[in-house]
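The values are calculated or read from the model by the stated rules, or taken from the named source; none is laboratory data. Note that the coordinates shown come from a computational prediction; the quantities given were computed from them, not determined experimentally. Every residue, glycine as well, gets a Cβ built from its backbone with ideal geometry; the counts of neighbours run over all protein chains shown.
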Amino acid sequence: MVAAVVALSAAVALLAVLVAALLRSHAEILRQLHDITHGRSTADAEFEVRTRAGVPTPGEGAPSASDIVGVDVAGDAIAVGVLRREHLTLLAFLSSGCLTCRTFWDAFASPADLGLRRDVRLVVVTKDPDQESPAEIASLAPPSAPTVMSSSAWDDFGVPVAPYFVLVDGPSGAVIGEGASAGWAQVRDLMNRALADTDVLDGMRTRGGRSGSRDRDADIELLDAGITPGDPMLHHDEPIEDVEVE
């Protein structure tokens, strides 16, 4: 009888331990789910593209951007100009170890299918080589967009997670939109809507007192001649150029 009571007590104690372990495991799962839904994990989370609260349109004191300085996939120093450009720049902050980022690496491999507006230039930014896999980045880098490895750019733009996107208006140097997403189509559609809503292009076309219709005609003629936004022939100031430093 005593032996049966002891065995029963031992079984109850073991069951209590197992229940406690299960409760702890369940609590940890709930915590991780909470972190994902609140944007603190980017591995497999679905991110809603968003514009940071309080970001005004260009000309209303929007936060300023900076040119991108770092190294390319070959390890050579490179600087990509973002400021004082007649086009917009979409900065894609990606990583080689981010599962969600693979969606964007794959999308950028086919530039003809991206659906970017002609006045938007794509630039991919990763962290420094000591925080990434340079060989992996070299294999993922898109053929038609510069890829810059620059942790300082992540700091300059206050990038909280990867993947993350920042849209910069070249002439004003203002950040006109930023956010995270799990899919390229979502980023592209939100960006196009934001540009239409803020009339960024119309503002650019009417700079210098020119009428919008006359400037649109000039844009068409330039494009037909093979001169795209940002071409050095269009301006004579000295913005930072895309250069490799030996």
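Screening the candidates PHE157, PHE93 for the property of being at pLDDT 95 or above, of a type outside the set (Val, Ile, Thr), over 20 Å from ALA74 (Cβ atoms) and in contact with a strand residue (DSSP E or B) (Cβ under 9 Å, 6 or more places away or on another chain) yields one hit, PHE93. Examine segment 127-136 for a residue that is in contact with a strand residue (DSSP E or B) (Cβ under 6 Å, 6 or more places away or on another chain), surrounded by 21 or more Cβ atoms within 10 Å (Cβ to Cβ) and not β-branched (Val, Ile, Thr), and state whether such a residue exists. No. When GLU178 is tested against the conditions (1) acidic (Asp, Glu); (2) modelled with pLDDT of 60 or more; (3) over 21 Å from the mean Cα position of the chain (by Cα), the lone failure is (3). With respect to LEU201, determine if the residue is of a type in the set (A, V, I, L, M), assigned to a helix (DSSP H, G or I) and modelled with pLDDT under 95. When the stated conditions are applied, LEU201 passes them. Checking each residue in segment 72-108 for being of a type in the set (A, V, I, L, M) and surrounded by fewer than 14 Cβ atoms within 10 Å (Cβ to Cβ) picks out ALA74, ALA77, LEU99. Restricting attention to segment 162-180, which residues are in contact with a Cys (Cβ under 9 Å, 6 or more places away or on another chain) and not small (Gly, Ala, Ser)? Hit for segment 162-180 is PRO163, nothing else.
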